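Contents: one structure, followed by commentary.
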Amino acid sequence: MQEKCHISEEMLARLRDAATRREAFDRVVGLFLRPLYWHVRRLVVVHEDAEDVVQESFVRAWDALEDFRGDGSELRAWLYRIATNTALSLLRRRRRGLGLFTSLDDVSRELAGRVAENAAAEADRMLVRFQQEVLALPLRQRLVFNLRYYDGLSYGEIAPILGLREETLRVNYHRAVEKLKQKLKEEV
């Protein structure tokens, strides 16, 4: 679970001021680079793809920063939303490479097969299986699960990232947990 990144009112003011924007944005990148990398990595699996997505996400954020009008928690959600959408765009491009009728869930199943390939030799077999099962979840459930379980975001924080109501998020998270329990119980 990731620690929460806090954006102060002073930092927001520096982001809004053209004279201090670059320095403030560099600090924001420093705060969010690791959490966003791991969020994206759990979606796209491959290290190089995750690096590319995060870099592109920060470029998109920089380009749109002048238009951002929210507070610190909204900045966090905004950055996660940009990273999530950028990762999903990459997965959609991959889907087109696999064929016209391939769904994002099919792409996820292909990525699940790559988890073991990208895991370190000493990686715990159960952790690899767990990650493969997370990747096998339907996309919405996987997104909610990752943001809640790994990133430690509340349903209120996830709602603007995914554009869903909190109750819908709770249902998706519960279903994801139940599916994971069932699949992993079969493994033992």
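Overview of values
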read-out	value
Segment 151-182 - residue that is more than 18 Å from S73 (Cα to Cα) and among the hydroxyl-bearing types (S, T, Y) and, of those, surrounded by the fewest Cβ atoms within 10 Å (Cβ to Cβ)	T168
Top-ranked residue of segment 86-123 - restricted to ones that are modelled with pLDDT of 85 or more and exposed (fewer than 14 other Cβ atoms within 10 Å of the Cβ), ranked as nearest to D151 (Cα to Cα)	S89
Pairs, first under 17 Å from S154 (Cα atoms) in segment 67-93, second in a loop (DSSP other than H, G, I, E, B) and of a type in the set (D, E), C-beta under 8 Å, six or more apart	Y80/D151
Residues located in segment 34-49, provided they are part of a helix (DSSP H, G or I) and touching a residue at least 24 places away in the same chain (Cβ under 8 Å)	R34, P35, L36, W38, H39, V40, R42, L43, V44, H47, D49
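The values are calculated or read from the model by the stated rules, or taken from the named source; none is laboratory data. Remember, predicted model here, so these are calculated numbers, not experimental data. For neighbour counting, all protein chains shown are included, and Cβ atoms are generated from backbone atoms with ideal geometry for every residue, glycine included.
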